[in-house]
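Q: I have a structure I would like to understand better, so I am pasting it below and will then ask my questions one at a time.
The values are calculated or read from the model by the stated rules, or taken from the named source; none is laboratory data. Keep in mind that this is a model prediction, so the values were computed, not measured. As a convention, Cβ positions derive from the backbone with ideal geometry for all residues, glycine included, and neighbour counts pool all protein chains shown.
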Amino acid sequence: MEALRPGDPEKIGGYECVGRLGAGGMGEVFLARAGDGGLVALKLIHADLAEDAAFRARFAREAAAVRRVSGPYTAPLLDSGDVPRPWLATAYLPGLSLEQAVTRHGPLSVEATRRLGAALAEALGAIHRAGVVHRDLKPANILLTADGPRVVDFGIAGGPDFSTGDGTAGRPVGTPAYMAPEQLTGGSVTPAADVFALGGVLVFCRTGSPPFGTAPPPKPLDRVVRGRPVLDDADDAGLREVVAACLAEGSARRPSTEQLVTMLSPGATGTGWLPGPMAHEIADQATSIPPSTQGPRPRRRVLLRISGVGAAALAGMGVVRALGGAAPPAASVLWAARATVVTGYEFGPALPGRLFLLDRTVVTRSGGARLDLCCLDTTTGRYRWRRPLTPFERERGEVVAGPGGVWVRSNRELHAIDPDSGTVRWSQRRAFPGLVPAAAYGENLVYDVGPFAVSDGAGSVYAHEPRTGRVVWERRIDGRPVGTLVVARGVLYVISASARGRWERVHALDAATGAVRWVSGLADEDVVSAPPFAPRYTDATLSVADDTVYVSVEGRHVHALDARTGSARWRVRPQLNVDAVLGLPYPSAALPVAAGNRLFLGTGDGVLRAFDTRDGRRRWAVDTGVPPAPVGVFRRRFTPVVGHGLVFVRGADSVRALRAEDGDVRWELRTDPSAGEPVLAGGTLHVPGKWEVTSHDPVSGRVVQRLDLRDHHRSPTAVLAGRDALYVLAGVDAVIAVGLPG
């Protein structure tokens, strides 16, 4: 770190600048201190870029996308703003860049390289799932910290259609030594380009040099064909195969990040995997934090260190300060608890007396990252128990809870856990064939799916006795199970698809016996081919209302089936907007929601559509302004909130209450584009914003309660409704319980 220079800003967006960390093509990076004493790395965009209106608009959109990225190997984006110029603040991670570490201490061992490669692959997977491509993965953008490696500087306004900051425009953005052929030739930049760069980083780890030299040859493809890097050490045999696959000329031939995680060693955590001198220098960096230029701050760090006295202090406040203006009642804080880097995917469910969450990152200098299933007492906020789930380290899991049990499903296993003690009652090792692991509880049984036989692509559905795991029944189905499992009125509904996605079927099984009640075929035409970086998949969801089953297959087809017979009542094919480059519709696994005589469906192209439940005719459609979901990249299911004759939808920068009948706007609230989804609970609509959660009368939109988190620099990542309280995931490290209005 360097001292501030004359003319450097003293404050940016409320953060006090205390030093310079570096500079690049997009801007300067400062070490800054938040109001509560916490340190951030703050990037201020260059003035010439900031004058470009198109750049500023894209910067805001991409900052919102990057704020959705979380994982043990990325640097979370904490804040962003537009004054005096666009800026963003990420967690400050003291340590060495991979470039510095290898230059000073020499190349890494084969095993260290493999462990780092697995961590980087997982980090890229988290970035890609948020709809972001890094574009410039290189040793300088990989930090080695006391808590493990982190990928930084990803996905913000670096595309080929913007100025690079050196006076040129339309030129590919990135570092030539690590850029994929399609980047060098100005082609479409996909997640596969990041995989190519990862291959180059692995070569740097073993040799200390970029894979093809520091500059591209006149013909970029010649670099790949004629200049292929060689790892000479005999110990590199397995690593050579991984590098060759990553550096394949064609993007379609490169492995996915999930495949790379499997091909490499367990991900690196801490510094024990590094050479001693390198680890010692990283430890020294972690302790050399500059003091504040304005002396010690008296204010307590309430949310940054929530545990013990900190949690009690926050809960003892009773209320959180309301925002300025005509202040509505402030929300009553019941308790606060520490929860390290959980996301909305892993927050919940909430049952009477218990709140479950997956604590994804527990990283210390003496221990590596792991995933814990945690149970909080909803009265006090104290942890009842924590259960390490080491095999789940790299995989998104789903938690299903019911009377007397809690079950966690990952890509590979199903665990049954005692809700009182956290002990594992039983486990089943079974691969999950769909995109997102799913299980279900109902009719006093736990339901799961898995592949029947790899050779014929069939799947199986299993019903387990909850306490013992005994298989009560098993039912083979055609195709591989996809989507969610739904239990309704004694029936278990499962959706399956052919291996190439050419047909989908709904299976209605007797929940108690597994007997087939009916099987209904769905779409068998208009097959959408996937781009090379996203293997063909089918993801479908369904909901049951009254005596009708509503099914959405990626938003391409919507079906209404008779719940008793499976016969089709109607079928529609929404006219989805398509990707301008690939010419393909944006896929969506949104859950269809029926209310009254309307069926609502939010699709990947950012449009909310309403259909007549009687005949499937489209009644209205509203463009929410949300950026489309990239083809082949999973996006969190968008499920509209419906109640009081209204449908509540989050757009690009607002939440709107639309009349269910005709889509007309009843009221609208401006809010931050990166905030989470609204929740309807206790007769009140709760809307997360940038620094607060506001509770509204759903009909009038009047604010009846506000939870303000500005002073703690914590954004409400997710909101979960309990029976008597609202649970707010604040930032990435705190859970706050507040009382419901009234």
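Q: Identify, please: which residue in the range 459-489 is closer than 17 Å to A401 by Cβ and assigned to a strand (DSSP E or B) and is, among those, farthest from the chain's Cα centre (by Cα)?
A: If we take residues in the range 459-489 being closer than 17 Å to A401 by Cβ and assigned to a strand (DSSP E or B), then H464 is farthest from the chain's Cα centre (by Cα).
Q: Let me ask another. Could we say that R228 is at pLDDT below 70 and out of contact with any Ser or Thr (no Cβ under 7 Å at 6 or more places or on another chain) here?
A: Yes.
Q: Residues in the range 700-711: is at least one under 23 Å from A34 (Cβ atoms) and in a loop (DSSP other than H, G, I, E, B)?
A: yes
Q: Go through the range 664-699 and report how many residues are part of a strand (DSSP E or B) and without any contact (Cβ under 8 Å) to a residue 24 or more places away in the chain.
A: Looking only at that region, the number is 2.
Q: Could you say whether any residue in the range 690-698 is among the acidic types (D, E) and farther than 14 Å from V738 by Cα?
A: Yes.
Q: Among the candidates R254, R206, single out the residue that is over 22 Å from R129 (Cβ atoms), at pLDDT 90 or above and in contact with a helix residue (DSSP H, G or I) (Cβ under 6 Å, 6 or more places away or on another chain).
A: R206
Q: Applying the selection to the range 512-538, what residues are at pLDDT 90 or above and out of contact with any Phe, Trp or Tyr (no Cβ under 8 Å at 6 or more places or on another chain)?
A: Within the range 512-538, A512, A515, V516, R517, W518, V519, S520 qualify.
Q: Would you mind stating whether V732 is modelled with pLDDT under 95 and buried (at least 20 other Cβ atoms within 10 Å of the Cβ)? Explain how you work it out, then say what you get.
A: Numbers: modelled with pLDDT under 95: yes; buried (at least 20 other Cβ atoms within 10 Å of the Cβ): no.
When the stated conditions are applied, V732 does not pass them.
Q: Does V703 satisfy the condition of being under 14 Å from S654 (Cα atoms) and in contact with a His (Cβ under 7 Å, 6 or more places away or on another chain)? Steps first, answer last, please.
A: Details: under 14 Å from S654 (Cα atoms): no; in contact with a His (Cβ under 7 Å, 6 or more places away or on another chain): yes.
No; evaluated as a whole, the condition is false for this residue.
Q: I'm checking my understanding of the structure. Among residues of the range 124-150 that are surrounded by 24 or more Cβ atoms within 10 Å (Cβ to Cβ) and in contact with a His (Cβ under 9 Å, 6 or more places away or on another chain), which one is nearest to P266 (Cα to Cα)?
A: Applying the filter and picking the extreme gives L124.
Q: Ok, one more. Quickly run through the range 125-155 and pick out the residues that are modelled with pLDDT of 85 or more, in contact with a Gly (Cβ under 7 Å, 6 or more places away or on another chain) and either assigned to a loop (DSSP other than H, G, I, E, B) or among the charged types (D, E, K, R) (or both).
A: V132, V133, H134, R135, D136
Q: Within the range 78-124, restricting attention to residues that are part of a helix (DSSP H, G or I) and of a type in the set (G, A, S), which residue is nearest to L143 (Cα to Cα)?
A: Only one residue fits best here, namely A101.
So that you can scan it fast, the table gives a plain yes or no per residue for (1) assigned to a strand (DSSP E or B); (2) modelled with pLDDT under 90; (3) within 20 Å of the chain's Cα centre (by Cα); (4) surrounded by fewer than 22 Cβ atoms within 10 Å (Cβ to Cβ):
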site	(1), (2), (3), (4)
T340	no, yes, yes, yes
L358	yes, yes, yes, no
A369	no, yes, yes, no
R387	yes, yes, no, yes
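Q: Check the range 70-77 and report whether any residue there is in a helix (DSSP H, G or I), in contact (Cβ under 8 Å) with a residue 60 or more places away in the chain and among the aliphatic types (A, V, I, L, M). Reasoning before the result, please.
A: Initial filter on the range 70-77 (in a helix (DSSP H, G or I)): none.
No; the residues of the range 70-77 include none that is in a helix (DSSP H, G or I), in contact (Cβ under 8 Å) with a residue 60 or more places away in the chain and among the aliphatic types (A, V, I, L, M).
Q: Only one of these is buried (at least 18 other Cβ atoms within 10 Å of the Cβ), modelled with pLDDT of 85 or more and aliphatic (A, V, I, L, M): V631, V687, V665. Name it.
A: V687
Q: Hey, can you tell me all the residues within the range 138-148 that are over 17 Å from P72 (Cβ atoms) and among the hydrophobic types (A, V, I, L, M, F, W, C)?
A: Residue satisfying the conditions is A140 alone.
Q: Across the range 1-26, what is the total count of residues that are within 15 Å of V83 (Cα to Cα), in contact (Cβ under 8 Å) with a residue 40 or more places away in the chain and outside any loop (DSSP other than H, G, I, E, B)?
A: Qualifying residue count, the range 1-26: 3.
Q: With the checklist (1) modelled with pLDDT under 95; (2) hydrophobic (A, V, I, L, M, F, W, C); (3) over 31 Å from the mean Cα position of the chain (by Cα) in hand, flag the one item A499 doesn't pass.
A: (3)
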